[in-house]
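Okay, so here's the structure we're looking at.
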Amino acid sequence: LWTDISANSLISVGLLSFASLIGLVFYLQSHYSKLLDSSKRANQAEFLAMHDSLTALPNRLLFNDRLNFMLGNWRRRYESFGLVFIDLDLFKDINDRLGHSAGDLVLIEVAKRIRGCVRETDTVARLGGDEFVVLLGQANSREHLLTIAQQMLAEICDEMLIGAAIIRGSASIGISICPDDGVEAS
């Protein structure tokens with residue numbers, strides 16, 4: 001029976017098997033690469049849905065989710081937290097005088113400065129336009145919140161070099177603490 005199989009036939013079958021194996025490896029590599037790309041695009045889409053495209057801070061949607069989480073923690077464990085609302089003053093003047101690209105750079109710089117004033121576990125979000133909000137966990141006193149708000153205001157008011165212009169920002173800041181000022185998101 002084995003005498004009917006020639007060496008050429010064995011070599012052909014071997015080469016065909018080897019070529020099939022190489023083709024399978026390339027196919028699996030291509031498929032895996034496409035899966036990684038698809039996963040990366042899904043992660044990017046999720047990030048963009050939950051973050052401000054200019055500053056990369058959480059947006060209103062993610063902020064509301066984190067606020068409701070903090071409220072849930074307060075209801076279960078009575079963990080108090082603070083909220084700081086920041087509205088940049090005269091931001092429209094910056095856009096009108098220097099252009100929207102300069103205004104964008106100011107927003108990016110302000111976001112960095114606010115982020116630098118809080119812990120990594122706190123949430124700094126951009127609600128839109130020139131409005132930012134900060135959720136501060138474990139804020140046990142209004143004085144503590146006031147100190148952090150004053151630090152943020154000092155950072156915002158410090159000079160910014162935007163292009164060739166030196167800008168001095170200012171902001172209006174409001175603070176509240178849960179539960180003293182409310183226990184509902186609204």
Quiz item: What's the number of the condition Asp104 fails, among (1) assigned to a helix (DSSP H, G or I); (2) without any contact (Cβ under 8 Å) to a residue 40 or more places away in the chain; (3) open to solvent by less than 80 Å² (accessible area, probe 1.4 Å)?
Solution: (2)
Practice problem: Could you list all residues from segment 79-99 that are free of Cβ contacts under 8 Å to residues at least 40 places away in the same chain and either closer than 17 Å to Leu145 by Cα or open to solvent by 40 Å² or more (accessible area, probe 1.4 Å) (or both)? | Solution: Lys92, Asp93, Asp96, Arg97
Quiz item: If you go through segment 157-168 one residue at a time, do you hit one that is at pLDDT below 95, open to solvent by 50 Å² or more (accessible area, probe 1.4 Å) and touching a Cys at 6+ places or on another chain (Cβ under 8 Å)?
Solution: yes
Quiz prompt | Of all residues in segment 34-57 being modelled with pLDDT under 85 and among the polar types (S, T, N, Q), the one that is farthest from Lys112 (Cα to Cα) | solution = Ser38
Self-check item: Selection count where residues are surrounded by fewer than 21 Cβ atoms within 10 Å (Cβ to Cβ) and of a type outside the set (D, E, K, R), scope segment 135-144
Solution: 5
Practice problem: Pick out, from segment 116-177, the strands (runs of 3 or more DSSP E) lying fully within it that include 1 or more residues that are touching a Lys or Arg at 6+ places or on another chain (Cβ under 8 Å) and not basic (Lys, Arg). | Solution: 123-128, 131-137, 160-162
Exercise. Could you please tell me which pairs satisfy a Cβ distance under 7 Å, a separation of 6+ or placement on different chains, a first residue in segment 43-63 that is closer than 23 Å to Val106 by Cα, and a second residue that is exposed (fewer than 15 other Cβ atoms within 10 Å of the Cβ) and aromatic (Phe, Trp, Tyr)?
Key: none
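The values are calculated or read from the model by the stated rules, or taken from the named source; none is laboratory data. The structure displayed is predicted, hence computed values, not measured ones. In this analysis, Cβ positions are derived from the backbone assuming ideal geometry, glycine residues included, and neighbour counts consider all displayed protein chains. Please note that ligands, DNA and RNA were not included when accessible areas were found on the heavy atoms of the full protein model with its side chains. Shrake-Rupley method; radii C 1.70, N 1.55, O 1.52, S 1.80 Å.
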